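Below: the structure, in structure tokens.
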Amino acid sequence: MMWKLEFHLLAKLEISYQSETSDVVFLVQHLMTLWVEPACLDISQCILNKKILNVAAQYVESVESNCFTQFLILGTKASSGCRKYLQMAVESFGELAEEQHSIIFFQIILDSLNFSSASIAKLTRSPVIGKEVDMHIIEDFILEQLNLTKSSILEIQRFHSIASEVLKMVQVILDALIKLCRAYAQASDLDSYKLNRRNVDSVTRIDYARHFISITASTIENLYELGTFAASGGGSLVTILNLSWKGVVSLLQLTKGIQVERLNVGDIILSLVSLATESLRCATESWSSFPRETVPISDAKRAFLPIKFFLINAVRISSDYPREAIGIFKEITQCVLSISTLSVLWGNEMHLRSVSEGLVELVEPTALLLLHTLLNSADVNSDGRCQILDWLFTAPMNSDLMCLDKGFVPDSISISLDGIFTMSCDATPTSNMLLLGRVVVFLNLLKTSQALKEDMVVSISCKLDCLLDILMHEDIYASILGLEIPISCGSSSPGVVWQMMFSFTLHTLTTFMLVATSSHLAWTQVETFLLCNFLHPHFLCQELVMELWCFLIRHAEVDMVHHMVDGLFSMLKTIASSESSLTPFCPLRKMTRSICILLTHAKPTTIDQVFNSILSDNDFYLSSIISMTLILEGFPLLSLSDNVKIIANQKVQSEFCGFLENYFKEHETKDCISGLHGLPVYALSSALLSCQIKESSIIDEKLASQILRFAISLLHSYKQATDSTKENHAKLLSAALDIISNMKHVYARNDIGELILELKTLFVSCSSTDSNALFYQVKPSLASFMAKLCHMELAEGEDSTLCSAIYDLYHLLLRDRHWAFIHLAIAAFGYFAARTSWTELWRFVPQDAALSFDVNTGHEANEDRFMSELKAYLEKEVALSAVIPCKEQLSCLAKEGMILKKNFKIDNIIPQVIQSEKRRKLPNGIDEGMELLQNGLKVMNNAIAQTESSELKRAFSSHISRLEDVISHMIDLTSKS
């Protein structure tokens, strides 16, 4: 029998040692002599080596420290040999004669791991601090154990029946190695190594620290490789996955501050991010294969737990190694963008809303924390951190990369998701694929900005304009107006709530405004942003900016509000002094409309101050234009104090009466209906329609007579008017009808019939193109006028010329088949029908009324159908039962957004006004005064620096600081003028 002699010697050696006739050195030396290096798969050789390991394992615990390295040499040889056994067994798999033989070859690996575990445990309890040769022996031993554990895990499926035992033993060894590194760290003088104190007393300690670093670096490398492999091994290796990555994190924390050349920490972080992205992609593919099947929330959370695990470990490493993390910021931010994009896309699909909730609850907060770790690190300079924001929010977008409905149509969602995971980092800044994610990430940064450092808050405040640019994209515009998104409640109250995206956008912006107030630089940027976008030409951006202004007006200090409102009115005067138009979207009306919106949120004292300052202006003509334009746009007259309110009402009425007096002077008629001269009529009309002025405050028989006369005169003169003034005639007639419809007592006058007949003559009897154009311009006001005819004294069944005119006018309104005019006409007729004493209402309804037609064919008019539709209209519930929009609604919003973006022009009024103010020449002496202020400030600073009184320094420092800010601001103003 082969190896018979060796077996005999081994048995004799064991007996000799047990009888205490030999020492441990003699034992281990002879064991190493008997060990046979594997050259082939020999069963007898394997059994002999296995017996040697069993004998050595019995005495590991009892061996003295000075002899322990001999056992480590044996352990190193055994581990190296076992790796050869494993390699040969794998290569010869299926060729072994018996199953029993294969088990023996794998069993020796288990025995070797067991021996290694006992050796590492002993080494941990008593770290060897001695000669350099001993350190090399330990390093070789540990490296071989790491290689053997890695090889065993890579081929774990080959171990068959003992696979679970091998797996448990590998876990024990890895855990022991991690504890060993910690023990070495405690015994090492790492501070000396970090400071490189190379004196005689510390040389040994420094060598020992290098020894620790070498062991730790090898352990981290192998744990990193095992963790990466275990991530692809499914659930069978989850314990190895947890242990390896937690070990990597804890050991990297041990080596923090020590340069380890062998480790590339950036690659480790990148691997974690890549594993998270890959796990997310796999989960996405599995759900996409069943596109209409609802995913249970438990399944979604189970799929997201590994992703959260990878990201948490990435956060922990990045917080200790921020410079390495900054080097891969593109990959990190792309992962964060992908997660945020998916949360919105999935939330738009009913069967995937649970997936979206799980993603937002478990994964998104951790992903955002990873981004915060990069942005908030004190170990990285501000330029490096700002580079992340620049990469995310300043690159141009290519609108051709994303089709109109992509991301909103359920059938195309898989295409969008494929694009998310296949996109390269270099393509991310110019792609629209992750545009939704950009918005969500930006909003979350605003929401959590209080946790960021001041320089990052300032940088974000500089990117607010970029947010508005993104919101103008047609898909983002549709999402903001139409979508609900899941919002994490935070760590204090775990869970997810669904919120309209517009509301969330507004909430985060207002939150950031509060945070920005703590930084002078950030608040300056916010003020500039609010001012420059005060008249933003895009609807959505204008709404958001105005909401921010209103929030500021509601909550800011009174002095600050007065200061800002005064600044806005200075610009309003600049616009009004050069404005000669009164079209709805002219700069003057846009500016006054926005100011009126702000004043509805201001305190009464502020509103009083504004109105009094207008009345006290020395330029009476300019004051009159501004006051009437403000009232036209909804100035909150009811919020004025009682005394000022009386003055305001009197001004509106006196301006209106003055206009009528001038109008009826024949030689001024043509001038009075052009330009801004009709402003008092529009102002009174707007004030009555918005209930800012009550009818009771302007009841005046003379005024009632004049307004009727004015309306009739406009109808007479319209036909003779030139093309350039016809539009002004139509606008004035519309305003006059609105005023009349809000003065019930006017309908009791006898001359109201004359106005009705004149309206019928112009609109019904005349079918010219001009009358049709006038009709569509005046129809909304005509509908209001007709609705209030219920206040007239009309006899039931009367068949007079006046009643015929009323019939004809109602027929005119009710025949129109434009959907908006149908609404106006039905609303007016409904008001009339509900309040008039007439019972024969059918006489007011034409046979071909718009709602009497068959909805599907557009033909077959029927009076009964009209009455049925009218009843349904009056009883209709206008509230929608569901918040989630359908894809058709989102598509319409996207098309609307595309048109808005196409028509968008950078012609902001405020920058133009500022520019015009910048060009104004400064008065003489300003420059000289500024120079004196600067010199005086230098003298004061020098004097304070030389004083020895700390109390005096504290008393002056805050005042001097504020003075520096004021002078700096003044210098900025003078430099721009």
For this session: Could you give me the residue pairs with C-beta distances under 6 Å whose first residue belongs to the range 813-829 and is in the same structural domain as F775 (by TED's automatic domain parsing), whose second residue is crowded, with 22+ Cβ neighbours inside 10 Å and part of a loop (DSSP other than H, G, I, E, B) wherever it lies, and which are 6+ apart or on separate chains?
Result: L814/A849
Seminar exercise, completed: (1) part of a helix (DSSP H, G or I); (2) among the polar types (S, T, N, Q); (3) surrounded by fewer than 21 Cβ atoms within 10 Å (Cβ to Cβ) all hold for N444 apart from (3)
For this session: Confirm whether K744 is of a type in the set (D, E, K, R) and under 30 Å from L640 (Cα atoms).
Result: yes
For this session: Evaluate the range 376-383: report whether one residue or more is surrounded by 22 or more Cβ atoms within 10 Å (Cβ to Cβ) and not charged (D, E, K, R).
Result: no
For this session: Kindly check whether there is at least one residue in the range 585-600 that is among the small types (G, A, S) and under 18 Å from Q692 (Cβ atoms).
Result: yes
Problem set entry | Extreme residue, modelled with the highest pLDDT, among residues of the range 571-597 that are over 15 Å from I631 (Cα atoms) and of a type in the set (D, E, K, R) | K573
Problem set entry | Yes/no for L468 being in contact (Cβ under 8 Å) with a residue 24 or more places away in the chain, assigned to a helix (DSSP H, G or I), touching a Cys at 6+ places or on another chain (Cβ under 7 Å) and not hydroxyl-bearing (S, T, Y) | yes
Exercise. Is it fair to say V248 is under 21 Å from T216 (Cβ atoms) and either over 25 Å from the mean Cα position of the chain (by Cα) or not in a loop (DSSP other than H, G, I, E, B) (or both)?
Worked result: yes
Problem set entry | Test: residue in the range 471-486 that is in contact (Cβ under 8 Å) with a residue 12 or more places away in the chain and under 21 Å from S382 (Cα atoms) | no
Problem set entry | Verdict on E144 being among the acidic types (D, E), buried (at least 20 other Cβ atoms within 10 Å of the Cβ) and modelled with pLDDT of 85 or more | yes
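The values are calculated or read from the model by the stated rules, or taken from the named source; none is laboratory data. Bear in mind that the values here come from a model prediction, so they are computed numbers and not experimental data. So basically every Cβ, Gly included, is an ideal-geometry build from the backbone, and we count neighbours across all protein chains shown.
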